[in-house]
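**Student:** Before I ask anything, here is the structure I am working with.
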Amino acid sequence: MGDSRLPGFYKLSREERVRAVAAFSGLSDDEVRMLLGGYGLTPEEADRMSENVIGLLQLPLGVATNFLINGRDYLVPMAIEEPSVIAAASNAARVARVKGGFRASADRSLTLGQIQVVGVPDPHAAVQRVLEHREELLRIANDTNPTLLRVGGGAVDLSGRVIDTERGRMLIIELLVDTKDAMGANTVNTMVEEIAPIVEELAGGRVRLRILSNLATHRMARAWAVFDAEAAGGRDVVEGILDAHAFAAADPYRCATHNKGVMNGVVAVALATGNDTRALEAGAHTYASLGGRCRPLTRWELNSAGDLVGSVEMPMAVGTLGGATSSHPVARLSLRILGVRTAQELASVMAAVALAQNFAALRALVKEGIQRGHMKLHARNLAVMAGATPDILDEVVRRLSELKRVTYDDAVRIVGEVRSSAARAGGSDKS
Ligand code: MEV
């Protein structure tokens with residue numbers, strides 16, 4: 001692996017960027033062609049993935065540079081429509097490099113499946129009746145996926161709980177499955193559906209739901225990094241980030257936005273690699289609220305040298321095999337660019353990106369505010385919305401960028417002005 005710093009990457013043409021990524025990740029000519037041509041999922045492939053398909057929705061795919069995680073360099077593919085997110089992650093990773101980059105780790109891919117049993121007259125005894133058959137139930141679950149068993153995964157534990165609900169007592173039987181490099185939803189859902197009739201008979205009630213839980217607390221990823229105070233922007237910025245963290249820890253309205261910034265990074269990598277973004281969002285936000293109030297997913301502290309230390313710990317149910325990670329050509333390509341070998345490695349990288357994204361957002365918020373970084377691309381989007389054609393687009397964006405604040409009305413006005421002066425110049429050329 002090369003050096004992920006790639007100085008001046010953002011200034012290169014798109015083709016030069018693709019060539020640089022290809023050299024870093026050893027991409028094939030076909031893969032380079034796919035990126036250059038903007039090819040990806042075909043409508044036929046899309047038709048096999050979902051229902052009532054009529055077209056495709058495309059998103060920008062970029063790479064975040066500078067990531068040094070556990071001593072290894074990564075270029076991180078991110079699919080996202082929001083400006084500044086990829087640049088912000090790259091900048092934060094550059095600051096983290098000063099003190100050695102990120103340390104990150106992730107748990108085994110242990111996924112929980114739940115079976116809900118209602119109408120059990122003696123639910124506590126029923127738990128025992130079911131658990132007496134633990135080995136048999138694990139074997140039946142594992143018989144549904146011999147391949148997983150062969151690669152060292154499979155159902156590893158069975159447990160039971162009684163919960164009080166608005167509809168009375170219920171028995172919840174939980175199956176824990178090591179899904180290895182798969183996200184695992186299909187695997188686990190198949191297993192709980194398979195053992196549910198036996199559970200129902202043993203428990204003596206009625207099985208209702210059989211489904212995995214997205215609160216993936218058995219599958220946590222974590223990362224931490226030291227952000228050099230000077231490189232972070234100096235003492236006041238460091239204090240500002242600590243204040244921002246305290247604000248999020250004390251106030252749910254700020255906490256939601258703080259964690260949204262964290263998820264900007266997580267979801268962009270998840271989308272690029274074909275992972276289930278909704279599962280990640282559900283897991284992260286529920287985890288953040290487990291104590292009955294929203295907690296920031298990241299933490300910020302000072303070390304004895306006065307540098308800023310950031311850490312994050314959050315559920316990260318992701319895979320590198322199966323589902324769209326295997327069937328979507330761009331997701332496969334993103335995984336090649338990233339060069340991760342396992343789901344655990346992907347989860348670790350995503351934890352580092354989560355932390356980088358939060359650092360970048362907080363630093364921007366305590367310094368110049370978030371709008372400046374957004375402005376250039378925002379101006380370009382507004383210009384296009386206001387009818388700027390390619391021949392006048394650059395000039396419209398240049399003039400919009402000179403304004404302190406840019407609105408749609410400004411864009412309409414400037415498009416009109418640039419168009420009239422272009423027409424006048426065209427007219428005087430002719431005369
Ligand atoms: C915008 O997408 C994300 C931020 O609002 C996150 C934050 O406020 O921490 C900038």
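**Student:** At a Förster distance of 56 Å, what's the computed FRET efficiency of Thr165 paired with Asp236, Cβ-Cβ distance as r, to 0.05?
**Tutor:** Calculated transfer efficiency: 0.65.
**Student:** Counting only helical runs of four or more DSSP H residues, what would the 222 nm mean residue ellipticity of the chain come to if each run contributes -39,500 (n - 2.57) and the total is spread over all its residues?
**Tutor:** Details: 18 runs with 226 residues, N = 431.
Computed ellipticity for the chain at 222 nm equals -16500 deg cm²/dmol.
**Student:** For the chain, find the longest principal axis of its Cα atoms and tell me its angle to the long axis of helix 343-366, 0 to 90°, nearest 10.
**Tutor:** 50 degrees
**Student:** Excluding ligands, DNA and RNA, what is the solvent-accessible area per residue of the chain at a probe of 1.4 Å, expressed in Å²?
**Tutor:** Value for the chain: 49 Å² per residue.
**Student:** At 0.36 nm per residue, and after removing the present C-alpha to C-alpha distance, how many nm does the segment from Leu302 to Arg19 gain when stretched out fully?
**Tutor:** Numbers: separation 283, 0.36 × 283 = 101.88 nm, distance 4.01 nm.
So the chain would gain 97.9 nm between Leu302 and Arg19.
**Student:** Pulled fully out, how much extra length does the chain show between Ser327 and Ala256, if you take 0.36 nm times their separation in residues and subtract their Cα-Cα distance? Spell out each step's value before the answer.
**Tutor:** Values: separation 71, 0.36 × 71 = 25.56 nm, distance 3.30 nm.
Here the segment from Ser327 to Ala256 would lengthen by 22.3 nm.
**Student:** While we're here: So what are the ³J(HN,Hα) numbers for region 218-231, from phi and the Karplus equation (6.51, -1.76, 1.60; θ = phi - 60°), rounded to whole Hz, Gly and Pro as x?
**Tutor:** Whole-Hz 3J(HN,Hα) from phi for region 218-231: 8, 9, 8, 10, 9, 8, 8, 7, 9, 10, 3, 4, 5, 5.
**Student:** Note the angle between two axes, namely the Cα long axis of helix 408-430 and the longest principal axis of the Cα atoms of the chain, as a number of degrees from 0 to 90, rounded to the nearest 10.
**Tutor:** 40 degrees
**Student:** Here is a follow-up. So how tilted is helix 134-143 from the main axis of the chain? Cα-based, degrees 0 to 90, rounded to 10.
**Tutor:** 50 degrees
**Student:** For region 110-212, rounded, prolate or oblate, judged on the Cα gyration tensor with a ≥ b ≥ c (square roots of eigenvalues), a/c < 1.5 rounded, else prolate if a/b > b/c?
**Tutor:** Judged from the Cα gyration tensor, region 110-212 comes out prolate (a/c at least 1.5, a/b above b/c).
**Student:** Put +1 on the Cβ of each Lys and Arg and -1 on the Cβ of each Asp and Glu in region 373-430; which of Gly373, Ser420, Ser401 then has its Cα farthest toward the positive end of the dipole?
**Tutor:** In region 373-430, that residue is Gly373.
**Student:** For Met49 and Ile211, compute 0.36 nm times the residue count separating them, minus their Cα-Cα distance, and round to one decimal in nm.
**Tutor:** 56.2 nm
**Student:** Would you compute, for the Cα atoms of the chain, the largest minus smallest coordinate along each principal axis and list the three values in descending order, in whole Å?
**Tutor:** Sorted largest first, the three principal extents are 94, 57, 46 Å.
**Student:** In region 110-212, what percent of the accessible surface is made up of carbon and sulfur (1.4 Å probe, ligands and nucleic acids excluded)?
**Tutor:** 48 percent
**Student:** If R0 is 45 Å, what FRET efficiency do you get for Tyr408 and Thr42 from their C-beta distance, rounded to 0.05? Working shown, then result.
**Tutor:** Values: r = 36 Å, r/R0 = 0.79.
The formula returns an efficiency of 0.80 here.
**Student:** Tell me, what HN-Hα J-couplings in whole Hz come from the Karplus equation 6.51 cos²θ - 1.76 cosθ + 1.60 at θ = phi - 60° for each residue of region 198-211, using x for Gly and Pro?
**Tutor:** So the J values, rounded to whole Hz, are 6, 4, 4, 5, 5, 6, x, x, 10, 6, 10, 7, 9, 7.
**Student:** Distance between Cα centroids, region 38-91 to region 210-268: provide it in whole Å.
**Tutor:** Value for the Cα centre distance between the two parts: 22 Å.
**Student:** Got a sec to turn the phi values of region 268-273 into Karplus ³J(HN,Hα) couplings, 6.51 cos²θ - 1.76 cosθ + 1.60 with θ = phi - 60°, whole Hz, x for Gly and Pro?
**Tutor:** These are the phi-based 3J(HN,Hα) values: 5, 6, 4, 4, 4, 9 Hz.
**Student:** Can I ask one more? Near the amide H of Phe227, under 5 Å away, which other amide H atoms are found, from residues 5 or more places off or on another chain, if H is placed in the peptide plane?
**Tutor:** For Phe227, whose amide H was placed from the backbone, the distant partners under 5 Å are Leu308, Val309, Gly310.
**Student:** Please identify, among Lys99, Lys404, Lys376, the residue showing maximal mean-square fluctuation in a Gaussian network model of the chain using a 10 angstrom Cα cutoff.
**Tutor:** Top of the fluctuation ranking is Lys404.
The values are calculated or read from the model by the stated rules, or taken from the named source; none is laboratory data. These numbers come from a predicted model, not from an experiment. So basically every Cβ, Gly included, is an ideal-geometry build from the backbone, and we count neighbours across all protein chains shown. In case anyone asks, the SASA skips ligands and DNA or RNA and just uses the protein heavy atoms, side chains included. Shrake-Rupley method; radii C 1.70, N 1.55, O 1.52, S 1.80 Å.
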